[in-house]
1. For region A:1-97, which GluC sites (Glu not before Pro) are in a loop by DSSP, counting at most 12 other Cβ atoms within 10 Å?
2. Taking the Cα of B:ARG242, stepping 7 Å toward and past its beta carbon, and measuring to each backbone N in region B:38-74: which are under 18 Å?
3. With the Cα gyration tensor of the protein assembly as shown giving a ≥ b ≥ c as the square roots of its eigenvalues, does the rule (a/c under 1.5 for rounded; else a/b larger than b/c for prolate; else oblate) give rounded, prolate or oblate?
4. Give me the one-decimal nm value for the distance between modelled label points at A:SER59 and A:THR71, 7 Å along each residue's Cα-to-Cβ direction.
5. Where a ≥ b ≥ c are the square roots of the eigenvalues of the C-alpha gyration tensor, would you call region A:57-128 rounded, which needs a/c under 1.5, or, failing that, prolate if a/b is larger than b/c, or oblate?
6. Can you show me the helix-derived [θ] at 222 nm for chain B, built from DSSP H runs with n ≥ 4 at -39,500 (n - 2.57) apiece and divided by the number of residues, rounded to the nearest 500.
7. Only Cα pairs under 8 Å and at least 6 apart count here; give the relative contact order of chain B as a rounded whole percent.
8. For B:ARG258, list long-range residues whose amide hydrogen, built 1.01 Å from N in the peptide plane, is under 5 Å from its own amide hydrogen.
There are 2 protein chains.
Amino acid sequence: MGEELRIIPVRGIGEITPGSDLGVIISTALQTQGLTLANGDILVVTQKIVSKAEGRLVSLEEVTPSAFALTIARESGKDPRHVEVILRETRRLVRMDRGVLICETHHGFICANAGVDESNLAEQHQVSLLPRDPDRSARALRERLLSLAVSGASRDEKPPRQEPLEQLAVIISDTWGRPWRNGQVNMAIGVAGLAPIRDYRGQPDAYGRELRVSAIAVADELAAAAELVMEKSAGVPVALIRGYAYSPAVGGVEPLLRDAASDLFR
Amino acid sequence: MGEELRIIPVRGIGEITPGSDLGVIISTALQTQGLTLANGDILVVTQKIVSKAEGRLVSLEEVTPSAFALTIARESGKDPRHVEVILRETRRLVRMDRGVLICETHHGFICANAGVDESNLAEQHQVSLLPRDPDRSARALRERLLSLAVSGASRDEKPPRQEPLEQLAVIISDTWGRPWRNGQVNMAIGVAGLAPIRDYRGQPDAYGRELRVSAIAVADELAAAAELVMEKSAGVPVALIRGYAYSPAVGGVEPLLRDAASDLFR
């Protein structure tokens, strides 16, 4: 056995507001559950609480829609101010039909409404944007958690850890639809501490022939796995994944983004 | 905690050949690992071993490519016999470019090469096809495992189970690429015993407003999670997922397949 993977919901995160220190909040929640971060752990954190902590919130009352936003709003049946915010987050409209806007964001993500979302927000007429740089958010959270692991250990005057915490990965996730398939799945939008793709190219299969499946988007699979313990309405925005073997790496979501030239669907 | 999810690699499956009894093989492998199936368990099984057991293998030496297959083979640089097999499995070619064939299969799946694959096969010049009806394969495997759980308990003359095994789900998975994103992920192609989509429509978010994320493709997320313990070259074609709360259901993959009329990308 030994190699089983555990996915643990992190409860008690509570309300996040602009300026909230997610590192402290997550550390405290883990501690309350009797959990201490260990080398090799992976934390998957939903975009929504990162965006809230970073103040990536827009009040629609302060938005004046452009003429283009008004046109799209008429065609799509959306609030023109909401459309205006979506367009500001959009580098290119990939598809627009039947009230659905598929956008390429300034980050290079392709998703509905450029990730602009009105669910799970305390204020009425407010929408959330994706973090400006989700990789940077993931790196910052990872570093905060590492530093808290050191200071927490000394503050409590416990014996020092056997192994200092060094290998930790943070994935920021969002829940997106897909072409061809119904239902949404969690995807990685920011990655720190782990390579988002595991590359099998050139490795032989069980019979010594080259593998067809050559590169697995493990960061997306980890995000999808974490979603299974995050109930949408139950306030579980963080999951701890333990037991997945990976090599430490800087991370970054860029290897997951297919370049336009090799993409048959945009 | 209680609600954590465990993903356990099932080892020792060994070579599968046409006619292999996957139910017996998986039961034995679980037993060797000291595992007994329990109510609520989910088994994720890779398509490749199901296809092998069902004899869904084609020797390229017995294939005569059509004129159309020859044309595509010239354009794509593939073996014309391999292209011929792909076309036989294809209802509609969705895209063809730079050696990549994106096909809609007779099942309604959209994937590269209609799921025809040459990796992890014992014979040279052989390819595997997707199971003819992966839902039926999943149902048959589920029923075989349920009946073995009953007979196994009596054969060993152990005390009868506290609870007879009733709630078991089987997902058959394949590993596919996606538009817009690099890297492949595991997807569900056959489902028995669980609804493939968890529907949140109409449910309120944490603030009483309707959730944007309304339907989660949990069967795909479960398949993706299972992939994390299946090393491509290491012979782990089955994973046991334990601790995921779901209601028993007939299953079937059809709710995951977006109908062409509402699909912006085909």
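Each reported figure results from applying straightforward, stated rules to the coordinates on display, with no laboratory input. For clarity, every value in this text was computed on a predicted model and none was experimentally measured. Neighbour counts run over all protein chains shown; Cβ positions are idealised from the backbone, glycine included.
1. Details: sites: A:GLU3, A:GLU4, A:GLU15, A:GLU54, A:GLU61, A:GLU62, A:GLU75, A:GLU84, A:GLU89; in loops: A:GLU3, A:GLU4, A:GLU15, A:GLU54, A:GLU89.
Here the sparse-neighbourhood loop sites are A:GLU15.
2. Under 18 Å, as judged by backbone N against the label point of B:ARG242, lie B:38-45 of region B:38-74.
3. On the way: a/c = 1.71, a/b = 1.19, b/c = 1.44.
Verdict is oblate for the protein assembly as shown.
4. Each label point lies 7 Å from its Cα, and together they span 3.1 nm.
5. Numbers: a/c = 1.63, a/b = 1.21, b/c = 1.35.
Oblate, since a/c reaches 1.5 and b/c is not below a/b.
6. Estimated from H runs of four or more residues: -8000 deg cm²/dmol.
7. On the way: 489 pairs, mean separation 68.6, N = 266.
RCO, chain B: 26 percent.
8. A:ARG181, A:ASN182
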